[in-house]
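Just so you know, all these numbers are worked out from the coordinates, no wet-lab data involved. Since the model is a prediction, treat every value here as computed from it, not as a measurement. Note that each Cβ is placed from the backbone with ideal geometry, even for glycine, and that neighbours are counted across all protein chains shown.
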Amino acid sequence: LPPVYKDDLKERIKGQLGKNIFEPTLFASLYEKTHESRKQALTAQFRMHPTICSIVRELSYRDEGLEPAGDALLRQHPFNDFTAPIHWVVCQGRGACARKSQDHPGIWNPGEVHAVISVLRRMAEGIRGVPKGDSYRVGVASMYKAQVFATAEAIDEHRLGDLASMPIETNTVD
């Protein structure tokens, strides 16, 4: 769904900028005016692993039927403990409770940091013996900025970020 704005806010912004930024973009307008026979949607994805492609299809391409193709179908990873390229970490127990961060605005969960470090260590073990030059990028997504900072600090502390064959990126889900 598009963002929702109150009419008075729309008018105030339009007056300050001298144009209406809430109208469709030029691209969207041209697309809508184009005859249906000239429109094309992405239906084949040649880079994403099939599991990741299925998530993107469900979230963004449900009507178009996006499917993996070509080299994407051959993609594999060397992490024997993990059956898919996406791994969800679920934290439970006393250590898995939100805490207010002293260093960054927001909350973080030490149990989640511990669980992520545990998974990354297992992955680091899995890439031993992988030919030099092969690289497996890892992304860690968290809900809160303070969690991202805490996770990144722990990755640095455990020197997991030094692995050339497994670069790790941490960020928020948005």
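What the table shows:
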read-out: Label-point separation, residue 58 to residue 42 (7 Å along Cα→Cβ), nm; value: 1.8 nm
read-out: Estimated 222 nm signal from helices in the chain, with DSSP H stretches of n ≥ 4 weighted -39500 (n - 2.57), rounded to 500; value: -10500 deg cm²/dmol
read-out: Cross-link partners of residue 10 among aspartates and glutamates (Cα-Cα below 15 Å; sequence separation of 8 or more within a chain); value: 23
read-out: Descending principal axes extents, the range 82-158, alpha-carbon based, whole Å; value: 42, 24, 18
read-out: Rh (Kirkwood; distinct C-alpha pairs) - the chain, Å; value: 20.1 Å
read-out: Chymotrypsin sites (Phe, Trp or Tyr not before Pro) restricted to the range 63-106 and DSSP loop, no more than 12 other C-beta within 10 Å; value: 88
read-out: Range in the chain, longest, excluding exposed trypsin sites (Lys or Arg not before Pro) [loop by DSSP; at most 10 other beta-carbon atoms within 10 Å]; value: 95-127
read-out: Two-decimal Rg to Rh for the range 47-133 - Kirkwood Rh, Cα set; value: 1.09
read-out: Calculated on alpha-carbon atoms, Rg and Dmax of the range 128-174 in Å; value: 12.0, 35
